[in-house]
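The values are calculated or read from the model by the stated rules, or taken from the named source; none is laboratory data. Keep in mind it's a predicted model, so treat the numbers as computed, not measured. Cβ: placed from backbone, ideal geometry, glycine included. Neighbour counts: every protein chain shown. With ligands, DNA and RNA removed, areas are computed over all heavy atoms of the protein, side chains included. Shrake-Rupley method; radii C 1.70, N 1.55, O 1.52, S 1.80 Å.
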Amino acid sequence: MSLQFILGNSGSGKSHYLYQQIVNESMEHPEKNYLVLVPEQFTMQTQRDLCAAHPRGGIMNIDALSFMRLAYRVFEEVGREEQPVLDDEGKNLVIRRIAGKLEDDLKVLKGNLKKQGYISEVKSVISEFVQYGVDFDKLDDFMEGLSQESYLYYKLQDIRKVYEGFEEYLRDRYITKEEMLDVLARAVCDSELLKGSVIALDGFTGFTPVQIRLISELLKVSEKVIVTVEIDRREDPFIYRHPYQLFALSKQMVTSLVKTAQDAGAEVEESVCLYEKVPYRFRENPEMAFLESELFRYSRRQYKKKKEESETCSGAISLHETKNPREEARYVAESIRKLVREKDYRYRDIAVIAADLNLYADALEKACELFEIPVFMDHKKSILLNSFVEYLRSLLAMAEQNFSAESVFRFLRTDLTGFTGEELDLLENYVLALGIRGYKKWQEKWIRRAKDTTEEDLEVLNHLRVRFVEKTEDLVFVLKQRQKTVRDVTLAICEFLEKEEIQKQVKVLENQFTEAGELALAKEYAQIYRVVMELFDKFVSLLGDERIALKEYRELLDAGMEEAMIGVIPPSLDEVMAGDIERTRLKDIRALILLG
């Protein structure tokens with residue numbers, strides 16, 4: 001039972017050293033388990049790196065896992081039959097339902113609940129409360145110190161009510177992803193996989209209290225826990241003063257882990273220090289080495305170009321100013337083209353990181369398309385803009401708004417209803433000209449003629465009307481019922497989708513995108529039907545027997561769709577990676593472009 005740190009600057013080779021050590025030891029001790037824990041987005045890359053580091057090109061007793069994957073691995077081994085796990089979409093559904101019931105008691109949240117994204121924000125706050133151990137007593141203590149007339153007091157009061165309702169609903173039914181690590185901590189002592197193993201933690205900047213509790217249990221059963229820490233040689237990692245000092249996150253992590261090890265009765269071994277004057281990654285790039293050394297330090301040192309460095313060299317670091325995001329994106333595309341054509345770069349050697357990718361995504365995609373640059377946008381896409389999702393949302397909106405002209409044609413123009421553009425133009429012109437509104441009007445035969453409408457046109461229009469009514473009548477019958485449950489509505493929608501063969505139509509769209517070379521969109525459409533069906537499964541399992549109005553069901557669907565995201569693995573090997581600073585993990589790049 002011991003804890004060891006690998007300390008070093010950015011680019012000093014901490015991960016490389018760790019992987020080599022793990023690989024060498026795993027070959028000497030094939031009977032021992034070696035677990036490398038990394039952030040969720042980095043598991044696949046870590047597996048590749050470990051395989052590449054191994055002389056035999058493969059790993060047998062080494063596993064690269066995230067905390068969540070470790071939890072599932074241990075539960076599988078020890079046979080824990082815990083409650084089902086509630087994911088983010090499920091949380092959104094439950095919170096939306098609870099907030100709807102408490103709406104009259106809420107003072108601040110009441111007027112905001114229907115705003116897009118608001119339920120997701122409330123869900124995030126509650127998730128953080130769980131992660132950082134903020135219970136009702138702590139909330140009450142904090143609120144006691146606030147003025148009862150303050151906006152923050154009322155907001156926290158509302159969040160507390162929703163939080164309490166959420167916890168009450170989950171009790172003895174489900175656990176959240178944040179609580180899984182607590183369940184894992186209780187299962188650690190029963191796991192043969194973890195007993196006597198070597199556990200390495202790489203790529204983390206800090207740990208939540210829940211993760212610290214888990215690491216405490218791991219220290220008690222494992223042979224050794226190794227942690228990589230990014231810190232400068234001029235800093236003392238074992239002294240943490242305040243959150244605003246340089247490398248505060250690293251120091252806080254080290255000091256909290258040392259205390260945890262002492263409490264668990266584990267030895268703290270001497271740290272491995274990889275402090276080189278010039279970090280290995282920047283050994284041939286003095287400008288980047290200087291920046292790494294001096295960034296955020298109050299020193300008067302300035303970088304002076306050496307005589308042997310070419311005067312024509314553009315420099316490893318440069319700043320550029322443009323008028324707006326569109327101009328910025330165009331400059332980025334021009335720079336990428338130049339690097340590829342003149343400097344012998346591959347597209348995969350280049351990455352673009354934006355402060356807010358949503359702000360830059362469209363402009364960047366258009367600029368790269370103009371310059372024929374393959375780019376992968378590394379962000380989880382909201383499914384709200386998907387045509388199949390719009391088909392569903394407009395279908396419910398149409399029934400809720402009693403077949404107003406706007407809602408009907410919003411549904412019909414989703415390109416999944418089987419009507420041609422010419423048929424819809426003819427139908428829309430007639431409906432708008434005669435002011436047709438309400439489901440009854442669509443059920444009755446149309447006999448009035450608008451200006452320039454012939455008898456033949458009227459016959460065609462009635463044929464289209466009948467097609468539309470026959471298509472929707474079974475579903476509308478259920479949606480119009482006063483006494484209906486979430487299960488009734490969900491089942492009616494699923495039967496409607498099956499009758500309309502929507503899954504086949506979505507597959508056709510996927511194939512069209514594949515043929516057009518739009519691989520990211522093709523992968524999105526390959527997942528979308530499954531994502532929506534899983535959401536409907538959650539509707540039934542979480543709220544199945546609850547009575548619900550159509551408006552509430554539509555709001556519930558929107559809340560679930562807001563949180564449902566589609567992540568796409570890069571479809572090609574040679575592409576520019578574009579992402580944001582929080583989510584994107586980069587490996588082996590030569591050029592980094594920062595936007596915004």
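So the values come out like this:
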| quantity | calculated |
| --- | --- |
| Residue that is farthest from Leu246 (Cα to Cα) [pool: residues in region 270-294 that are open to solvent by 90 Å² or more (accessible area, probe 1.4 Å) and at pLDDT 85 or above] | Glu284 |
| Output for region 272-298, where each listed residue is within 33 Å of the chain's Cα centre (by Cα) and assigned to a loop (DSSP other than H, G, I, E, B) | Pro279, Leu295, Phe296 |
| Residues satisfying the stated conditions in region 532-549, i.e. of a type outside the set (D, E, K, R) and open to solvent by 20 Å² or more (accessible area, probe 1.4 Å) | Met533, Val540, Ser541, Ala549 |
| For Thr414: the one exception among (1) more than 17 Å from Val466 (Cα to Cα); (2) open to solvent by 60 Å² or more (accessible area, probe 1.4 Å) | (2) |
| Boolean, Leu432 is more than 26 Å from Phe536 (Cα to Cα), assigned to a helix (DSSP H, G or I) and touching a Leu at 6+ places or on another chain (Cβ under 7 Å) | no |
| Lone unmet requirement of (1) in a helix (DSSP H, G or I); (2) of a type outside the set (Ser, Thr, Tyr); (3) surrounded by fewer than 20 Cβ atoms within 10 Å (Cβ to Cβ) for Leu214 | (3) |
| Cross-chain or 6+ apart pairs with Cβ under 9 Å, region 231-255 first and under 17 Å from Val268 (Cα atoms) and open to solvent by 90 Å² or more (accessible area, probe 1.4 Å), then modelled with pLDDT of 90 or more and of a type in the set (A, V, I, L, M) | Phe238/Val254; Phe238/Val258 |
| Qualifying positions in region 451-471 - touching a helix residue (DSSP H, G or I) at 6+ places or on another chain (Cβ under 8 Å) and either of a type in the set (Phe, Trp, Tyr) or modelled with pLDDT of 90 or more (or both) | Val460, Leu461, Leu464, Arg465, Phe468, Val469 |
| Tally, over region 1-10, of residues that are open to solvent by 10 Å² or more (accessible area, probe 1.4 Å) and over 24 Å from Lys195 (Cβ atoms) | 1 |
| Long-range neighbours under 9 Å by Cβ, at least six apart or interchain, first residue within 10 Å of Arg437 (Cα to Cα) within region 401-415, second assigned to a helix (DSSP H, G or I) and among the aromatic types (Phe, Trp, Tyr) | Asn402/Tyr439; Phe403/Tyr439; Phe403/Trp442; Val408/Trp442; Val408/Phe468 |
| Residue match in region 76-86 (condition: within 30 Å of Glu546 (Cβ to Cβ), over 28 Å from the mean Cα position of the chain (by Cα) and open to solvent by 50 Å² or more (accessible area, probe 1.4 Å)) | no |
| So Val188, is it surrounded by 17 or more Cβ atoms within 10 Å (Cβ to Cβ) and in a strand (DSSP E or B) | no |
| Selection within region 94-107 - in contact with a Phe, Trp or Tyr (Cβ under 7 Å, 6 or more places away or on another chain) and in a helix (DSSP H, G or I) | Val94, Ile95, Ile98 |
| Residue that is most open to solvent (accessible area, probe 1.4 Å), among those in region 22-46 that are touching a residue at least 24 places away in the same chain (Cβ under 8 Å) and polar (S, T, N, Q) | Gln41 |
| Condition check for Leu201: open to solvent by 30 Å² or more (accessible area, probe 1.4 Å) and under 30 Å from Arg590 (Cβ atoms) | no |
| Given (1) crowded, with 19+ Cβ neighbours inside 10 Å; (2) in contact with an Asp or Glu (Cβ under 6 Å, 6 or more places away or on another chain), index of the condition Leu193 fails | (1) |
| Residue identified as outside any helix (DSSP H, G or I), open to solvent by 60 Å² or more (accessible area, probe 1.4 Å) and within 12 Å of Ile159 (Cα to Cα) among Lys115, Lys110 | Lys110 |
| Residue within region 552-561 that is open to solvent by 10 Å² or more (accessible area, probe 1.4 Å), more than 24 Å from the chain's Cα centre (by Cα) and under 19 Å from Leu392 (Cα atoms) present | yes |
| Residue check for Tyr525: under 30 Å from Val94 (Cα atoms) and hydroxyl-bearing (Ser, Thr, Tyr) | yes |
| Residues of region 149-166 satisfying the condition of being without any contact (Cβ under 8 Å) to a residue 40 or more places away in the chain and among the aromatic types (Phe, Trp, Tyr) | Tyr153, Tyr163 |
| Ala397 being of a type in the set (A, V, I, L, M), surrounded by fewer than 17 Cβ atoms within 10 Å (Cβ to Cβ) and under 29 Å from Leu556 (Cα atoms) | no |
| Residue among Glu406, Glu423, Glu365, Glu369 that is closer than 30 Å to Val532 by Cβ and within 22 Å of the chain's Cα centre (by Cα) | Glu365 |
| Candidate set from region 117-154 (those that are among the hydroxyl-bearing types (Ser, Thr, Tyr) and under 22 Å from Tyr169 (Cα atoms)); member that is farthest from the chain's Cα centre (by Cα) | Tyr132 |
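For (1) in a helix (DSSP H, G or I); (2) touching a Pro at 6+ places or on another chain (Cβ under 6 Å); (3) under 14 Å from Ala99 (Cα atoms); (4) at pLDDT below 90, each residue gets a yes or a no:
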{"position": "Ser124", "(1), (2), (3), (4)": "yes, no, no, yes"}
{"position": "Gly133", "(1), (2), (3), (4)": "no, yes, no, yes"}
{"position": "Glu149", "(1), (2), (3), (4)": "no, no, no, yes"}
{"position": "Arg160", "(1), (2), (3), (4)": "yes, no, yes, no"}
